[in-house]
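The values are calculated or read from the model by the stated rules, or taken from the named source; none is laboratory data. It should be emphasised that the depicted structure is a prediction, and the values quoted were computed from it without experimental measurement. Heads up, the Cβs are rebuilt from the backbone with ideal geometry, glycines too, and the neighbour counts pull from every protein chain shown.
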Amino acid sequence: MVPKRKVLPRSSPEILKKFIPQVIEMKYQGMPYDEMMPCPDCGSEDIARHDTVERLFCMTIAEDGFRQVRVRVKRFRCKGCGHIFDGKKPFYDGCAYGAPIVDLCLALAASNPYHRVESILLNYGIQVDRDTVRLYSILFREGAKEYPGIPVMTMRASASTCSRYSSASMMSKS
Ligand SMILES: [Zn+2]
């Protein structure tokens, strides 16, 4: 799916719409994740390095349009069953965007309607459409209620493949 092109609203404070995408890009653009994990299919730890793939971490909005922030994730091959899988990476299962971005969506969705979350993120220079916000809220329904507040400046990478929302430490409660 290709996101619709968007521009930054004029009301958005310069510091947010420029600074946040820059920080995200500096921290995550091309960041390698190469930690091994057991085969998710058969549990075997007899695995071999396979290759490295780029995974979309998030879309930021610059003055000239969208910019993709991608991390580099090592893939492994199970010697037992042949399954090829991603090593540890900063994503939750079933989420296209990185875990800190998902956390941010959930925190905002706890006290805002989805379309409002979309426009708040737009003001932060981050592109996540309301359907995606809604999807994350449904996936992590309990988590979204537990963490009201806006933890923008406390975003941290979670180098794990958490199967459910369990990152209380990433959030600062307001
Ligand atoms: Zn296997």
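Miscellaneous remarks
- Residues satisfying the stated conditions in the range 45-73, i.e. in contact with a Gly (Cβ under 8 Å, 6 or more places away or on another chain) and within 16 Å of the ligand (Cβ to nearest atom): Asp46
- Members of the range 75-115 that are within 16 Å of the ligand (Cβ to nearest atom) and either of a type in the set (Phe, Trp, Tyr) or buried (at least 24 other Cβ atoms within 10 Å of the Cβ) (or both): Phe76, Phe85
- Every residue from the range 27-41 that is more than 16 Å from the ligand (Cβ to nearest atom) and of a type in the set (Asp, Glu): Asp34, Glu35
- Conditions (1) at pLDDT 90 or above; (2) in a loop (DSSP other than H, G, I, E, B): number failed by Lys4: (1)
- Out of Val102, Val69, Val73, Val128, sole residue that is in contact with a strand residue (DSSP E or B) (Cβ under 9 Å, 6 or more places away or on another chain), at pLDDT 95 or above and within 22 Å of Leu16 (Cα to Cα): Val69
- Within the range 114-125, the set of residues being under 23 Å from Lys18 (Cβ atoms) and assigned to a helix (DSSP H, G or I) comprises Arg116, Val117, Glu118, Ser119, Ile120, Leu121, Leu122, Asn123.
- Those residues of the range 69-110 which are closer than 19 Å to Asp131 by Cβ, part of a loop (DSSP other than H, G, I, E, B) and out of contact with any Ser or Thr (no Cβ under 8 Å at 6 or more places or on another chain), in sequence order: Gly94, Cys95, Ala110
- Within the range 54-73, the residues that satisfy the criterion of being crowded, with 17+ Cβ neighbours inside 10 Å and touching a residue at least 60 places away in the same chain (Cβ under 8 Å) are Cys58, Met59, Thr60, Ile61.
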